[in-house]
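The next block holds one structure in the form of structure tokens; read it before the comments.
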Amino acid sequence: MSTSATALNSGPKIVVRRQALVLSGLMSAASAMLIGSMLAIWLQFRANAPLRESSDGSKMLRDWLPESIKIPEVATNTMMLTFVITCIMVQWAVYSSRRADSKHVTLALGVALLTEIALINAQIAVYMQMDIGVRDSSYTVMFYAVTATMSTLIVIGLGFTLMTMFRSLASRNSDHDLVLAHAVYWYALAAIFATMWFVVYVQK
Amino acid sequence: MTAIDMNSVMTKSDTVSGTNLFSKISSWLLTTSHHRIGRLMVSVSLLWTVAVVVVGVVLGVERISSSTDLIDPGSTTQLFSIFRVGLIFGSVAPMTLGIALAIVPMQIGSQVLAFARGAAFGAYLWFFGMIIVGVSYIGNGGPGGGDPQMVDLFILGLGLVIAGLLVVSASIATTILTSRRAGMTLIDAPIFVWSSLVTSISLILTLPVMAGALIYVAVDHSYERSTFGATDGINAWIGWALTSPQIFLLAVSTLGVLAQIVGTMVRGRQPLRGGLLIGIGVMSTALIGTVTQSFYSLQLNGNLSDVAKSLLPFLLFNALPMLGVLIVLGLCLLAMKNEKAKPSASFVLAFFGVGMVLTGMLGNVLLRINDLKLSNTVFEEAVLVYVGYGVVLSSLGAIAYFGPRIWGRKMPTMPVIGLGLIGVLGVVFAALPYYIAGFTDQPAGSISGQLGDNSQIWNSVATAGQTIFLVFVVAFVGLVIKSSRSGEIADEAIFETVQANS
């Protein structure tokens, strides 16, 4: 190491600009690409599924979703609504954080945490009500793969909420960037779930 | 331009006071220094490079004559798979990202890496993932493997590798976007930084696509084993990530390395610097082709309307990335006309590295012309070798250029140039014969049977090329180690060029 190099002036001060927010944005983009690619393959398989006659013989149907499988629409629609509530809660946290109101930040994140647990609970309810095996058909293999991946992203978000909440509990009022990053992740997750909900649960 | 205070760049773990072996090892293993994380990744990826080239030599020897029996015929698919997976995920991707980890914070004047522990975690995920991938191949796993548990292990290992590279890419991109020194805009950032940003964001957008396909394959393989083609389906579903245009994204940084070196050689701002940024950006359009997981071919038979219909996507997905390389190459050669330009040894490696990548891209264009019938021939393998080995050449050029700025000792000029030329010879010999053999219909992924006319000649030359490249890599690594320990002390001037705008 050339010691003379250390004698030169050091560079200008580094201005760190919203690292957590940028990372959250990048990870949200990666999550969108992950689920997006899985849904693209899902749509490809659905489009290429063989045709069969309907039970009354009046029309041709894609042989995709086995007739025995019923999607529990109440539970899946509840999940979608729970995502909306979660987004409102995380926005409340951002609003409070901007005003350095750590009590409200903690409260908002606490409620968000509960709604996120409710999301996991609803996903388990969907699995229980459908009562299908992974190896039953092509559909079930893909159904479990895409929904379990989505659930994993929710669990990661839940961990993110826990971390942000604990920091807020410790009265870290300077954490606005982190609260905003947390909100960005959950907004992205809500948008991703909305797409998945439409493709997998509504269009089937 | 301000020089970097090298000591301030180092974190605590860089200057650990312990003298015993344990403390030295632990200071490396638990480091948050971007230098060390980058150097760990580059070092391990060089080992993988050697391993991959050895596999290339073995496959070449098997192809020369059917009487040679180095490998079990049942392992052929796995060996070809080791070559591809090892080259992309063991060598090229981590080497590119490792160099970016080590250099980028220095160039933007940041003392630390954003989420340095995350980057270290990512590097270890990649490291252990590749070990699992290697173990699964040894245990008859991988694509085409006979042991289902080992195939599952392969999928797990590849998943870890993807996750690791994703985390490292995110750390690099976040560092560039958030931790530049005051007053440095993205447009002002050194060209290597720009290329690293493009590479890392491209990987953040494309690796999850591969992960999505891999999750389906994993669930399918563990339970039903038919929807996604079981063991043989792995190649079908993730194969696109091991070939063009995905490999072009990993070659984006070669343009940054070349432009950075040329910028230093001409001692000033490069003319039409905006053009360089555009060129690198245009090359990254390869990601559009990647995320669609499809190949776009040119149909020359049929009426004019059919040809036109296939021509547009063909040009967009195959020729546009090549245009980016041509722009950067042209601008670099234009800059070299500057009479103040002072030759640099690392330029040889960087220039020919980009040249090899360009040759690979040209081959890819030919490959996608259906009437030439080059698909499923060794022509495909040659494209991978040109681009993959081209990136390795360029990365070693980057080590020759940036290395002395890290360890403070010069690399000798003539040995670097000599070895560089040997490396170029190795790549040309390893790949060009397969371009020719592709036109004689030598099948890809096959070591026996009808290998086509004059196949023995082409296979012999290609094997010689692989051997030369192996010698080059080993000798270059030896030279780097020797130079970093006992090379001539570098003068101050080189530290000033680390941040220089090219």
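Each value in this text was obtained by applying a stated rule to the coordinates, not by laboratory testing. A quick note: this is a predicted structure, and the numbers were derived from the prediction, not measured. With ideal geometry, Cβ positions are generated from the backbone for all residues, glycine too; neighbour counts draw on all protein chains shown.
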Taking placed amide H atoms and a strict 5 Å upper bound, the residues 5 or more places from B:ARG409 or on another chain that come that close are B:ALA490
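When the dipole is taken about the Cα centre of the stretch B:301-426, and only Lys, Arg (+1) and Asp, Glu (-1) are charged at their Cβ, what size is it in debye, to the nearest 20?
Taking the Cα centre of the stretch B:301-426 as origin, the dipole is about 600 debye.
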Looks like the stretch B:31-496, by Cα gyration tensor root eigenvalues a ≥ b ≥ c and the a/c under 1.5 rounded cutoff (else prolate when a/b is bigger than b/c, oblate otherwise), is rounded
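List B:VAL58, B:VAL262 from most exposed to least, where exposure is judged by having the fewest other Cβ atoms within 10 Å.
Ordered by Cβ neighbours within 10 Å, fewest first: B:VAL58, B:VAL262.
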With +1 on the Cβ of every Lys and Arg and -1 on the Cβ of every Asp and Glu, the dipole magnitude of the protein assembly as shown about its Cα centre, in debye rounded to the nearest 20, is 2240 debye
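Just checking the output field for B:70-76: average partner chain Cβ neighbours within 10 Å of each residue's Cβ?
Partner-chain Cβ atoms within 10 Å, mean over residues of B:70-76: 0.
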Among trypsin sites (Lys or Arg not before Pro) in the stretch B:264-372, those in a DSSP loop whose Cβ has at most 16 other Cβ atoms within 10 Å are B:ARG267, B:ARG269, B:LYS337, B:LYS340
Candidate cut points under GluC sites (Glu not before Pro) in the stretch A:13-118, DSSP loop plus at most 16 other Cβ atoms within 10 Å of their own Cβ, are A:GLU67
The answer for trypsin sites (Lys or Arg not before Pro) in the stretch A:83-146 that fall in a DSSP coil and have at most 13 neighbouring Cβ atoms within 10 Å is A:ARG99
By the Cα gyration tensor axes a ≥ b ≥ c (a/c under 1.5 gives rounded; else a/b larger than b/c gives prolate, otherwise oblate), the shape of the stretch B:284-335 is oblate
The orientation-averaged projected area of the Cα convex hull of the protein assembly as shown, in nm², is 34.5 nm²
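Using DSSP loop states and a limit of at most 16 other Cβ atoms within 10 Å to flag GluC sites (Glu not before Pro), what is the longest stretch of chain B containing no flagged site?
B:1-338
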For peptide A:141-148, the mean count of other chain Cβ atoms within 10 Å per residue Cβ is 5
Proxy exposure order for A:SER54, B:SER195, B:SER81 (fewest C-beta within 10 Å first) is A:SER54, B:SER81, B:SER195
So the angle from the long Cα axis of helix B:455-486 to the longest Cα principal axis of chain B, reported in degrees to the nearest 10, equals 20 degrees
Listing B:LEU312, B:LEU366 by rising number of other beta-carbon atoms within 10 angstrom, fewest first, gives B:LEU312, B:LEU366
